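Student: One structure, as structure tokens, below. Some questions next.
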Amino acid sequence: MRLTLERRLVPSQRAVWAGQTVAVLLAFAMGAAVLRLTGADPLAAYAVMAEGALGSLYNLSEVVVKAIPLMLCGLAVAVAARIQIWNIGGEGQLVLGGIGAAGVALFLSPHLPSAIVLPLMLAAGFLAGGLWALIPGFLRARLEVNEILTTLMLNYVAIFWLEHLYFGPWRDPMGMGFPGTAMFPDVAWLQRLPGTRIHLGLCFALLAALLLHWILSRTRWGYEIRVIGENPRAARYAGMRIDRHILWVMLVSGGLAGVAGMAEVSGIHYRLQQGLAVGYGYTGIIVGWLGRLHPGGILVVSLFIAGLLVGGDQLQAVMHLPSSVGLVLEGTLLFFVLGSDFLSRYRLRWRKEDPWTPRA
Amino acid sequence: MDAESLTFILSIAIRSSAAILFAAIGEVFTERSGVLNLGVEGMMLMGALSGFVAAHASHSLALGLLAAMAAGGALALVHGFFTITLRANQVVCGLALTILGIGLSSFLGRPIIGTVGMRFTPWPIPLLQDIPVLGPALFQQVPPIYAGYLLVPAAWLFLFHTRPGLNLRSVGENPQAADAAGIPVNLIRYGWTAFGGVMAGLGGAYLSLAYTPGWKENMSAGQGWIAIAMVIFALWNPWRAALGALLFGAVNALQFTFEVRQITLIPSYILRMLPYLFTVAILVIITRSKGIRRRAAAPAALGLPFEREGF
Amino acid sequence: MATTLTSMQGITKRFPGTLANDGIDLEIAPGVVHALLGENGAGKSTLMNILSGRYRPDAGEILIGGTPVRFHSPRDALRAGIGMVHQHFLLVANQTVAENVALGHKTPRAILCWSRIEDEVRRLSEAYRLPLDPRARIDELSLGQQQRVEILKLLYRQADILILDEPTAVLTPGEIDELFATLRRIAREGRSVIFITHKLEEVMEIADRITILRRGRRVADLTPADVENRRELARLMVGREVVLRVDRTPVAPGETVLELRSCSGQGDRGQRAFQRVSFAVRRGEIFAIVGVAGNGQRDLVAAITGSQRLSGGQLLVFGKPHGAGGPPPMDRIAYIPEDRAGTGSLPGLDLTDNLLLTTYPSFCRRGVFRREAARRWAEAQLDQFHVVAPSLTASARQLSGGNLQKLILARELSKGPDLIIAEQPTHGLDIGATMDVWDELLRQRARAGILLISGDLREALSLSDRIAVIFRGQLMGVFSTDDEDAIAEIGPMMAGVVQAS
């Protein structure tokens, strides 16, 4: 008698849903265990987290605020993943987007009619992030260099450049020891929903999600992307130009992350400072993956993860427990989903004896 | 540059490179078996925390090191289980481990931030330390660094001159051929993945027990990722991994020296970017150069799960 | 090494859809070069995979010296002295000969002394006249040399039975002679060599004993002395084919849609794949090229469809020259690839997406898809071709082989092509699906020229108007399917026996 694995022909949808629900529950159970370890009462802790995330309208709005960059970075990862490219560089592309937008805000906005400042910043953010992603994109498309490490390395380069800028040449001369650029002029501030910190970036995110969904399902380019991602050999047989598509995808992917950066600097910080590179790019990968690379799923997952993060902050403030419990939950959730994913792709079977069936 | 400065820089370089060296050697072995472990950063942090706590609680540095290695190894086994047995995506899994490691270490380590615990003290080696210039730099270090000196040639010998080393290399290059020769592919992958985690944990312990004694959130500051990049720079060879780690350490040391002496020859932010840009350049070269590709390319089966017919 | 007899008794092996081995008995004597002869699909490789421990039989047993043995893995078989050299070598490309030979071989100590191992390898290679430099890297060696490494691996482990699967496929004539000399030497020592092949002249040259398989059964077991001539062997191997008289209304052929003039091309490893091939396909006819798989058909088709270059000759598609790389006008050509799931379809995407693979430009207007129109068209196509699927949103992976093939046909034929290239179109399909595909091809014959590549002689004879046999990359004669005398020669031709004309 032996337990064997059989590959399922079609990933069972029911198994996927069931699996993910179980995964969420297990993740919370695991988190409870960790909390117990540090002597905290898990139920109380979860209650505080829930209150922190959902307890008031303002708290809910904070969840949305945190979700905005996650949505955009998640979409960035998803569009690249559709063509089987791993864009781990969301963090750096976000930073570049922030730099680009800040550049416009600090140096160009005084000389421009106020109406075009924000659109120009948006464009700058998109282009800066997009071009940053094009570097590894080009290396992959034309030189076949694996993109995982190149995008990752460029993250560090971007962050160092960012620090150099706001510690050095772009530093606010009247900053009084606090490293960062000067505040952006008013015209460079994104509108906020009154009473909250929710900014126009939310519209960018939602628009991006809709646009991406539409493009992937209803345009020629989207179809070609999907075909290349599914089966590059068939794509070549059908005459599609794979390298060109990789370049465009990376531009869009980096651009989305760049928009996230622009949204952070001109919607939350209003300047370039520490606190821009806080991991949204990396979390975006998780969001994209948990959201099954689907724009709708990504929106939902980013809200959920943002909730975990905000709840974690609350936990720190109220119970003096480290806010990183949110990260712990995130990590464990990912693992359990990975595990449940496996069950949807494979079936466990008891067999009489081990069959030696070759690949037909 | 006088001899004293040279010694100074070399000494700092060695000191700053050790954590990366351990993690990189571990990852060389892991990747040589065909498994990509991107969770090194998380394992390093958990190692740093476990090592510090265990040493402090038991007043034994040795126990601290062991605890760190166990922590790293345990996380790596999780990675192995998901990627080898469950055939999950190796990139996602590694990233999840990093996030988990960062979060967990941050969470569990909160209460002990600022605690002063055990630390390694330098063990100068008599006679050897008197060698001009190199002596003080190489032989007035803490014991883990000496272990590092021995680790590199041992790793090289193991890989290329022993049977288990040959088996390991074959598993990563052509698992079907290894399987046909009767080698237990998945078992070997598990083993070396665990080893990689053990090494990463050791690197972390070096950080918390020797380099910057104590525990600080996120104290590895990306050195785990650098180690992964160094593996590629090293073209999966232990000697070159040591060279890469040392180069990184040297850049660090140079940056430090420039700051201290207020030299503005190369802006410090460019100095800090160098290792990363360097790695990208190496990646391009080894992918494009047919010569290098022939002599030392990535293990052919890296990242691909092994499915034997009739599993 | 002893004088033990190894025998396989009543071996049966079933795969989904086929009975690969049906109660086969085989006796392997020591000191003998034993040829296992048969067409593709006859079951030779399966049988030998069972003997070498890779597969488990559904019934039957293996006896060594009268004692039954059970192999759970190739390693068990190797320990019992049985090893196999596969068609696709299992060598680690960037390691040396010595490293590959030593791999997996238990040594008393963990430390490997390479100079000693290299000496051993050198000694062995000299003893068997398999000249090899133990320090050379596998990817620097020619295929013939790599094969020697594989053989050396088995000799290093003192295998008593060496099985070689189609070993001459990758060798030059000179290397073939060297290989045969080596095999004879190995046999003279008292070991057994089993030689899987479909090439008759090799069998006559090297074999001491011949076993012929056909459609999973053993049909003959003899010595070269028993065989009158090669034609007899061929007939035993291929059998007398019954031609199915399919409804084929005569159509007057039109203009030439595809023409090859003395075309030559190379395979993906640089070896010569096909030489000086010339033929023409005209509108209104089905032209079949029939042959055992691996005789150059795949590379020939790749050259015609533009994914590989010609190294010589001229290729004319619709009268215009091609062959300088780059695809010919695919909107007028329907290509039905052999590799259904690989090149021909998108397993994870839905049926509409699959149908659009080579037809989507006509549904796009300024970059936007006319999704509704595409869906309606897709539904109509699936209907017309009787493709059975769970739903329109099902993924291509869920279709059976036959339905997937019908989907691909629907897609390609909807282009209204003038030239259809069908590569093994009914491979792996059941009889119902096969008939459907045949009907469709015959229907298309009226308005297009069809090039049919097939390994199934019955299919080729039933469908085509003219037929050519390909062997070792060359066309052995082209004739009309009405020519009864020529038809009788096809079987032998496929096996390489050419009647002195």
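The numbers here are math on the coordinates, done by the rules we state, and not lab data. The structure presented is a predicted model; accordingly, all values stated were derived computationally and were not measured. So basically every Cβ, Gly included, is an ideal-geometry build from the backbone, and we count neighbours across all protein chains shown.
Student: Which lysines, on any chain, are close to residue A:66 with Cα under 30 Å apart, when same-chain ones fewer than 8 places away are left out?
Tutor: B:216
Student: Picking from A:269, A:259, A:45, whose Cα lies most toward the positive end of the charge dipole for the protein assembly as shown (charges on Cβ: Lys, Arg +1; Asp, Glu -1)?
Tutor: It is A:269.
Student: Please give the peptides B:205-211, C:119-125 ranked by average Cβ packing (other Cβ atoms within 10 Å per residue), highest first, as a rough proxy for protection.
Tutor: Values: B:205-211: 27.4, C:119-125: 17.1.
Ranked by mean Cβ neighbours within 10 Å, highest first: B:205-211, C:119-125.
Student: How charged is the neighbourhood of residue A:309? Take every other residue with its Cβ under 15 Å from the Cβ of residue A:309, and add Lys/Arg as +1 and Asp/Glu as -1.
Tutor: Numbers: positive: A:66, A:197; negative: A:51, A:62, A:264, A:313, A:330.
That works out to -3.
Student: To the nearest 20 debye, what is the magnitude of the charge dipole of chain B about its Cα centre, counting +1 on the Cβ of each Lys and Arg and -1 on the Cβ of each Asp and Glu? Mind dumping the intermediate values first?
Tutor: Numbers: 18 positive and 12 negative charges, 99 e Å.
Approximately 480 debye in magnitude.
Student: By the gyration tensor of its Cα atoms, with a ≥ b ≥ c the square roots of the eigenvalues, what is the shape of segment A:152-199: rounded for a/c under 1.5, prolate for a/b over b/c, or oblate? Display every interim value, and only then the final one.
Tutor: On the way: a/c = 2.84, a/b = 1.41, b/c = 2.02.
Oblate.
Student: Given 37 °C and 0.692 mPa s, compute D for chain C with the Stokes-Einstein relation, Rh being the Kirkwood radius over Cα pairs; round to the nearest whole µm²/s. Intermediate results must be reported in sequence, preceding the final value.
Tutor: Values: Rh = 25.0 Å.
It diffuses with D of about 131 µm²/s by this estimate.
Student: Could you tell me the largest-minus-smallest coordinate of the C-alpha atoms of the protein assembly as shown on each of the three principal axes, in descending order and whole angstroms?
Tutor: Rounded to whole Å, the extents work out to 103, 76, 58 Å.
Student: Let me ask something else. Need one value for C:330-343: mean number of C-beta atoms belonging to other chains within 10 Å of its residues' C-beta atoms.
Tutor: Working: counts 3, 0, 0, 0, 0, 1, 0, 3, 0, 3, 0, 2, 4, 7.
Mean shielding by partner chains, rounded to a whole number: 2.
Student: Further question on the same structure: What is the mean number of Cβ atoms from other protein chains located within 10 Å of the Cβ atom of each residue in peptide A:138-150, rounded to a whole number? Numbers along the way, then the final one.
Tutor: Values: counts 0, 5, 1, 0, 1, 4, 3, 7, 6, 1, 7, 11, 6.
The shielding value for this peptide is 4.
Student: Set Lys and Arg Cβ to +1 and Asp and Glu Cβ to -1, take the dipole of the protein assembly as shown about its Cα centre, and tell me which of B:186, C:100, C:113 lies farthest positive.
Tutor: Of B:186, C:100, C:113, it is B:186.
Student: For segment A:68-289, would you read off the P(r) tail past 20 Å as a percentage of all alpha carbon pairs? Could the numbers behind the result be given before it?
Tutor: Values: 13813 of 24531 pairs.
Counting every Cα pair in segment A:68-289, those more than 20 Å apart make up 56 percent.
Student: Also: Please get the size of the charge dipole for segment C:256-494, origin at its Cα centre, with Cβ charges of +1 on Lys and Arg and -1 on Asp and Glu, quoted in debye to the nearest 20. Don't skip to the answer; put the middle values down first.
Tutor: Numbers: 27 positive and 27 negative charges, 230 e Å.
That gives a dipole near 1100 debye.
Student: Mean separation of Cα pairs under 8 Å and 6+ residues apart, divided by the residue count of chain B: what relative contact order is that in percent?
Tutor: Details: 568 pairs, mean separation 111.1, N = 311.
In percent, rounded to a whole number, it is 36.
Student: If you take the charge dipole of chain C about its Cα centre, with +1 on Lys and Arg Cβ and -1 on Asp and Glu Cβ, which of C:60, C:72, C:431 is farthest toward its positive end?
Tutor: With unit charges placed on the Cβ atoms, the residue in question is C:72.
Student: What order, most packed first, do the peptides C:60-68, B:106-114, C:464-472 have when packing is the mean number of other Cβ atoms within 10 Å of each residue? Could the numbers behind the result be given before it?
Tutor: On the way: C:60-68: 13.4, B:106-114: 17.8, C:464-472: 21.4.
Sorting C:60-68, B:106-114, C:464-472 by mean packing, highest first, produces C:464-472, B:106-114, C:60-68.
Student: If neighbour count is taken as other Cβ atoms inside 10 Å, put C:178, C:228 in order from fewest to most.
Tutor: Working: C:178 16, C:228 7.
Lowest to highest Cβ neighbour count: C:228, C:178.
Student: I've got another one for you. I'd like the mean, over residues of A:332-339, of how many other protein chain beta carbons sit within 10 Å of each residue's own Cβ. Provide the component values of the computation, followed by the final result.
Tutor: Numbers: counts 5, 3, 7, 11, 1, 3, 8, 4.
Partner Cβ neighbours, averaged per residue: 5.
Student: For chain A, take the longest principal axis of its alpha carbons; what is the angle in degrees between that and the long axis of helix A:57-81, to the nearest 10 within 0 to 90?
Tutor: The angle comes out at about 70 degrees.
Student: Enumerate the helices in chain B for which the Kyte-Doolittle hydropathy averages 0.0 or more and the C-alpha atoms extend at least 18 Å along the helix's axis, using complete DSSP H runs. Before the final figure, lay out the partial values.
Tutor: Working: long enough: B:3-32 (39 Å, 1.09); B:40-58 (26 Å, 1.17); B:61-80 (28 Å, 1.83); B:90-109 (27 Å, 1.80); B:143-161 (27 Å, 1.21); B:185-206 (32 Å, 0.73); B:238-261 (34 Å, 0.73); B:268-288 (31 Å, 1.56).
Length and hydropathy pass: B:3-32, B:40-58, B:61-80, B:90-109, B:143-161, B:185-206, B:238-261, B:268-288.
Student: Counting other C-beta atoms within 10 Å, which of C:388, A:227, C:368 has the fewest, and how do the rest follow?
Tutor: Numbers: C:388 10, A:227 24, C:368 15.
Ordered by Cβ neighbours within 10 Å, fewest first: C:388, C:368, A:227.
Student: Sorted from fewest to most neighbouring beta carbons within 10 Å, what does the list C:128, C:335 look like? Spell out each step's value before the answer.
Tutor: Values: C:128 19, C:335 25.
Exposure proxy ranking, most exposed first: C:128, C:335.
Student: May I have the pair-distance distribution P(r) for segment B:38-130, computed from all Cα-Cα distances with 10 Å bins from 0 and rounded to whole percent?
Tutor: 17, 37, 25, 15, 5, 0
Student: Treating only the Cβ atoms of Lys and Arg (+1) and Asp and Glu (-1) as charged, compute the dipole magnitude of the protein assembly as shown about its Cα centre; round to the nearest 20 debye.
Tutor: 540
Student: Going by average Cβ density within 10 Å per residue, which order do the peptides B:48-57, B:20-29, B:224-233 take, highest to lowest?
Tutor: Numbers: B:48-57: 25.4, B:20-29: 31.4, B:224-233: 27.7.
Listed from highest to lowest mean packing, they are B:20-29, B:224-233, B:48-57.
Student: Per the helix-only calculation at 222 nm, which mean residue ellipticity applies to the protein assembly as shown, given -39500 (n - 2.57) for every DSSP H run of n ≥ 4 and division by its residues, nearest 500 deg cm²/dmol?
Tutor: Values: 41 runs with 608 residues, N = 1172.
For the protein assembly as shown, the value works out to -17000 deg cm²/dmol.
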